[in-house]
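The values are calculated or read from the model by the stated rules, or taken from the named source; none is laboratory data. Quick caveat: nothing in here was measured; it's all calculated off a predicted structure. Neighbour counts are summed over all protein chains in view; Cβ atoms, including those assigned to glycine, are modelled from backbone coordinates with ideal geometry.
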Amino acid sequence: MKQFGYAIAADFAAAAEALSKAKNSVAKAGGTDLLDLLKERIYEPDEMIHLGKAKNEVPAGELNALATLADVAGDARIRRDFPALAEAAEVAATPQVRNWATVGGNLCQHTRCWYFRNKDFTCFKRGDDDCSALKDGALNKYNAVFPTKECGCAHPSNLSPALAALDARLRCVHPDGDRELELLALYDIPKKGVTCNIHLRKGELIRSVVLNPTPLTRNSTYIEFRERESFDFAVASVAAALEMDGDTVRDIRLVLGAVSAGPLRAVEAEKIVRGKRLDIDAVAKAALKGATPLSQNAYKLHVTEALVRRALTELHGRAGR
Amino acid sequence: MSKQKVRLGFKGNEKEVEVNPRKGTPAWMGVDADPAVIGKDHARIDAIAKVTGAAKYSYDMRPAGLCYAKLIGSPHAHAKVKRVDLTKARALKGVLFAEAQEGKTVRFAGDDVAGLVAETEEILDDAIRLVTVDYKVLPHAVSEAAAQADGAPRVKRNSENVVLPRRGGTWGSLDAAAAAHKGADVVLERVYRTQVQTHSCLETHGSVCEWNDGKLTVWASTQSTFGVRRTIAGALRIPQGDVVVITQHMGGGFGSKFGADRWDVFAARAAKVIGRPVRCMLDRKAEHLVAGNRPSSIQRCKFSAKKNGTLLGAEVRSWGTGGIGGGAGVLNPDIYNFKGAGRECFNVYTHAGGGRAFRAPRHPQGVFALEGMIDELAEAIKMDPLELRRKNDSDPVRLAEYEIGAKKIGWKTRKKSGSDRGVKKRGLGCAASLWYHTGGPGTVVRCRIEKDGSVLVANGAQDIGTGTRTVLAVIAAEELGLEVKDIEVRLGTTTDGFGPASGGSKTAASVGPAVRNAAYSVKREILATVARDVGGDVDKMDLKGGQVVGGKKALTFKQACSLFPDGFETDAKATAEDFDRRAQFAPRISGCQFAEVEVDTETGQVRVVKVVAVQDCGRVIDPLLARSQLNGGVIQGVSYALFEDRLLDPNTGDMVNPNLVDYKIVGSLDMPEIEAVMFPVANGINSIGMSGLGEPSTVATAGAIGNAVANAIGVRIRSLPITPDKVLAALKGMS
């Protein structure tokens, strides 16, 4: 990696201030994604601001962005009120990574697309004109099944579909004023030369996640499918929440992961059953409507559909208990 | 020479043969031998050093003033290096040496175009980024299909892209195989494919080189210390006597580390120029790209059988690529008694890193197809696949192993293929393997005792990681009537006696008999001295349980050693006479494996639930280590069957997954329960009756898993690795 300056931020406001002023700086929390990108020189910052020791007191009931995935997975309150979140955290990566990786970092991580992570290849997100994953003959079995015309990247975060299904909001810090964002609003479509497609201003940091427990969030789940059980990224993931009223669906959330550049809420599929009887097959079919898989990843549609059925079957069972 | 009758084989199948132990060497061990130390479980003698980090690998060597070197690889699969600008790199403080290869034609991504040496790894990394290379990019072909297409660029200047190697390209007779189909009730034509697998050694390739007074010391990560000495001396044009190669501990070789590589020679040259030691160890990306691989295969098989289970013809035509290297043939071993069998294996050159020997070269890929075909024939004639195997196999060892394996996996519970209900379907499969008796002569072992009873066994060969050190200690302890902890074993320095490369599963079976000869000779000398000085009949005396037994007076081993004020030593060789090439009990090593899998038919995921591996390697010296080897072979086989795949982007020819995240290797959560069962055979190959185990342990695994998957879902995946997308495609095609 290129040599860079290193500063330990005292608190988030100071970190945001420093990051917004610096010319070529980068924030580091757990570093589990960032260090790889530095070694591959995808990032060549002049300055790194370390957040790991920053003071970040958040109101009770909010989830600190610096909490590690292990913290989240082991939190009894989260498991009770937001099981999808606990389940998403506990299957991520490896125990070692979960002990370092943070909530904020997980949401802001970069795509696993191998064409992005290797500078030998051209990549739209790294500023090239074309996307290597979209070319004829490209090896794209892990890429998006809802790609854009310009980029085939898929977002690998476990927590983002879970938090989207839980109606989470993000509290962000910036020198020009703090704000709250809906989780799904964090994600942007891929743009040329923008390595991480998130809607944060220069220097803006996620400080906490705001979550409100409801009957819907309490009956939520996250399941993912990966080729290898030990340390792998999801080929497909589904986060769902379901609130039943007798045989009628009072409310539902269905969010797909690893299929597009950000978590994808299946709004139309939810509509099919909201206020009606639960028809799991119909939801599963509708969830992937409009997908345009690439040359090698149509199988992801089948896998995702199966996960939707499994998630809803599980939640329906839990609701009946 | 004195003739000796010895009973060989295993319980229930023995035969008496005559052997000729060389004068001054011990009697041969038969089926009724009852050793005290050999055949008992012994923990690795270097286990604690390894788990505490005290064991020093070549990667760990840090001679004073060490500098770091790297070769810069081309991102293009085929290009001409027009210009390399080293000006900026050379100007960087701490850069000590730089050279470029202008004019070179690179023929695979990763092929080196320049080399740098710097004071620290960080400076080296910065310097690499300051090198600019001007390439003329040329058309490439990285797949077997692309290399065979009309107008495909030539990979080798002096060769077509597709060749039938003179050596190993053909076997048996394809004509006889074709003729043998006559009268068949079933003739099946199928295509099986296997991928390119990289060795992925945890300790990457490379070495630390240091010059002192014109002599070179190389701490190499190698499976052949003497091979490195020979090749690096050759490359540098210096006498082998001026080179010492040291390999104390090895982080994996699997067939890819037999000699000095370009980067080793570069490190040695640079170290001489700058007058400081230089380390050049590959990074993970280069390890995947340039350090060898198991070639791919596309095997067109035409097999036939009669309804009664008589196997008739077996034709195999294969095409595979080992990149710019050869060795892409497959070996469908002649396990079965076909009426006619033949094979021809074409090598397809592509613009990719060259193949190298890889744990049982040609066998896992050959067995995957062969054993798939056997199962497909069994299915077609409605016969139990294990029964079909038994019916056509005359190897008594494997037939006995089948009994054990079938019982342990619960073969009787095997269902009709595709009949398991539910989303997740279970299946059972089995596959056979064979290997060869590969130990040989030439090894020289020193056995030295001191006055205080210390025992040293020394040889210059390396312990590739299998536990050779421990195995040799066991053999010496047996002969000297001691315990394993009483023996010090020194391996891996070429100033000690000559020893073999760890390839072909031959290290233990070559060095072991020499160790026994050396220890035997030391024993004879001790006993003769005791007889002379203390009294007794030397022919009635022996060393047992730390004592001199059968003599006039009870003496401990230590007391006996005290008769030698300066200690003494013997250098013993294993000669050609110490190996019986006739292999009087069984000409080959036999094994079989059984797998149970669970297939998720909605996601396509295959989980290997259990593998039972039953394996012969002659006399088992240390069953604990043997089972560990067997476990390792199965794990690597599971990884080959389900995960590993070197993927080259067809558009650039560059590897998309040159790391250990995207190049997937089986992890702990994906490992099956493994039941490793050693099947000891007194084989009469050498005085101990020991053969090798490293390679045969991985031959059958992928074949057994492939068959278990087909049994589970009722549709066969004829392509490795068996990934979810392939399983779903196969299931969809069926419905």
Only one residue in A:Ser260, A:Ser230, A:Ser237, A:Ser208 is in contact (Cβ under 8 Å) with a residue 40 or more places away in the chain, among the hydroxyl-bearing types (Ser, Thr, Tyr) and out of contact with any Leu (no Cβ under 8 Å at 6 or more places or on another chain). Which one? A:Ser260
Here are A:Leu278, A:Leu301: which of them is aliphatic (A, V, I, L, M) and away from every other protein chain (no Cβ under 14 Å)? A:Leu278
Of the residues that make up the range B:507-523, is at least one assigned to a helix (DSSP H, G or I), buried (at least 17 other Cβ atoms within 10 Å of the Cβ) and over 38 Å from the mean Cα position of the chain (by Cα)? no
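Condition check ((1) surrounded by 24 or more Cβ atoms within 10 Å (Cβ to Cβ); (2) farther than 30 Å from B:Val367 by Cβ) across all residues:
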position: B:Ala178; (1), (2): no, no
position: B:Val191; (1), (2): no, no
position: B:Asn212; (1), (2): no, yes
position: B:Phe226; (1), (2): no, yes
position: B:Gly234; (1), (2): no, yes
position: B:Gln240; (1), (2): no, yes
position: B:Thr247; (1), (2): yes, yes
Subset of the range B:16-43 [farther than 18 Å from B:Ala514 by Cβ, loosely packed, with under 15 Cβ neighbours inside 10 Å and touching a residue at least 24 places away in the same chain (Cβ under 8 Å)]: B:Asp32, B:Ala36, B:Asp41, B:Ala43
When A:Thr217 is evaluated against the numbered criteria (1) closer than 14 Å to A:Ala144 by Cα; (2) touching a Phe, Trp or Tyr at 6+ places or on another chain (Cβ under 6 Å); (3) not charged (D, E, K, R), which criterion, by number, is the only one it fails? (1)
Filter result (free of Cβ contacts under 8 Å to residues at least 40 places away in the same chain and polar (S, T, N, Q)) within the range A:51-99: A:Thr68, A:Gln96, A:Asn99
In the range A:1-13, which residue that is hydrophobic (A, V, I, L, M, F, W, C) and not in a helix (DSSP H, G or I) is nearest to the other protein chains (Cβ to nearest Cβ)? A:Met1
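Residue by residue, here is whether (1) in contact (Cβ under 8 Å) with a residue 40 or more places away in the chain; (2) farther than 18 Å from B:Ile274 by Cα; (3) buried (at least 20 other Cβ atoms within 10 Å of the Cβ); (4) out of contact with any Pro (no Cβ under 7 Å at 6 or more places or on another chain) holds:
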| residue | (1), (2), (3), (4) |
| --- | --- |
| B:Ala91 | no, no, no, yes |
| B:Leu124 | yes, no, yes, yes |
| B:Ala127 | no, no, yes, yes |
| B:Glu144 | yes, yes, yes, yes |
Which condition does B:Leu202 not pass, out of (1) surrounded by fewer than 19 Cβ atoms within 10 Å (Cβ to Cβ); (2) farther than 21 Å from B:Met61 by Cα, if it passes all the others? (2)
Find all pairs meeting these conditions: Cβ atoms under 8 angstrom apart; at least six residues apart or on different chains; first residue within the range B:671-693 and part of a strand (DSSP E or B); second residue of a type in the set (Phe, Trp, Tyr) and surrounded by fewer than 24 Cβ atoms within 10 Å (Cβ to Cβ). B:Ala682/B:Phe10
Would you point out the residue of the range A:77-120, among those that are among the acidic types (Asp, Glu) and within 14 Å of chain B (Cβ to nearest Cβ), that is nearest to B:Asn657 (Cα to Cα)? A:Asp120
For the range B:408-444, which positions are within 30 Å of B:Arg582 (Cβ to Cβ) and either in a helix (DSSP H, G or I) or of a type outside the set (S, T, N, Q) (or both)? B:Ala431, B:Ala432, B:Leu434, B:Trp435, B:Tyr436, B:His437, B:Gly439, B:Gly440, B:Pro441, B:Gly442, B:Val444
From (1) within 20 Å of A:Asp188 (Cα to Cα); (2) charged (D, E, K, R); (3) touching an Asp or Glu at 6+ places or on another chain (Cβ under 9 Å), pick out the condition that doesn't hold for A:Arg250. (1)
Residues B:Asp580, B:Asp600, B:Asp571, B:Asp566: which one is surrounded by fewer than 24 Cβ atoms within 10 Å (Cβ to Cβ) and within 14 Å of another protein chain (Cβ to nearest Cβ)? B:Asp600
Could you tell me whether the range B:627-641 includes any residue that is touching a residue at least 60 places away in the same chain (Cβ under 8 Å), of a type outside the set (Ser, Thr, Tyr), more than 24 Å from B:Asp463 (Cα to Cα) and more than 8 Å from chain A (Cβ to nearest Cβ)? yes
What number goes with the only condition from (1) more than 27 Å from the chain's Cα centre (by Cα); (2) under 27 Å from B:Ser697 (Cα atoms) that B:Arg421 does not pass? (2)
If we ask which residues in the range B:45-75 are charged (D, E, K, R) and crowded, with 21+ Cβ neighbours inside 10 Å, their number turns out to be 1
Any idea which residue in the range A:121-142 is surrounded by the most Cβ atoms within 10 Å (Cβ to Cβ), counting only those that are within 12 Å of another protein chain (Cβ to nearest Cβ) and of a type in the set (Asp, Glu)? A:Asp130
May I ask you to verify whether A:Val273 is touching a strand residue (DSSP E or B) at 6+ places or on another chain (Cβ under 6 Å), over 27 Å from A:Phe116 (Cβ atoms) and either buried (at least 23 other Cβ atoms within 10 Å of the Cβ) or away from chain B (no Cβ under 14 Å) (or both)? yes
Select from the range B:248-259 the residues that are under 21 Å from B:Ala270 (Cβ atoms) and either in contact (Cβ under 8 Å) with a residue 40 or more places away in the chain or out of contact with any Lys or Arg (no Cβ under 9 Å at 6 or more places or on another chain) (or both) and list them in ascending order. B:Lys257
Residue among A:Glu44, A:Glu57 that alone is over 28 Å from A:Ala89 (Cβ atoms) and either surrounded by fewer than 21 Cβ atoms within 10 Å (Cβ to Cβ) or modelled with pLDDT under 95 (or both): A:Glu44
Look through the range A:14-54, keep the residues that are more than 24 Å from the chain's Cα centre (by Cα) and hydrophobic (A, V, I, L, M, F, W, C), and return whichever of them is nearest to the other protein chains (Cβ to nearest Cβ). A:Ala22
Consider B:Leu472 against the criteria (1) touching a residue at least 60 places away in the same chain (Cβ under 8 Å); (2) touching a helix residue (DSSP H, G or I) at 6+ places or on another chain (Cβ under 7 Å); (3) not basic (Lys, Arg): it satisfies all of them except one. Which criterion is unmet? (1)
Out of curiosity, is B:Arg44 part of a strand (DSSP E or B) and not β-branched (Val, Ile, Thr)? no
Working only within the range B:276-294, note down all residues that are assigned to a helix (DSSP H, G or I) and either touching a Ser or Thr at 6+ places or on another chain (Cβ under 6 Å) or surrounded by fewer than 22 Cβ atoms within 10 Å (Cβ to Cβ) (or both). B:Arg284, B:Lys285, B:Glu287, B:His288
Say we look at the range A:217-266 and pick out the residues that are more than 26 Å from B:Pro724 (Cβ to Cβ) and not in a strand (DSSP E or B); which of these is nearest to the other protein chains (Cβ to nearest Cβ)? A:Asn219
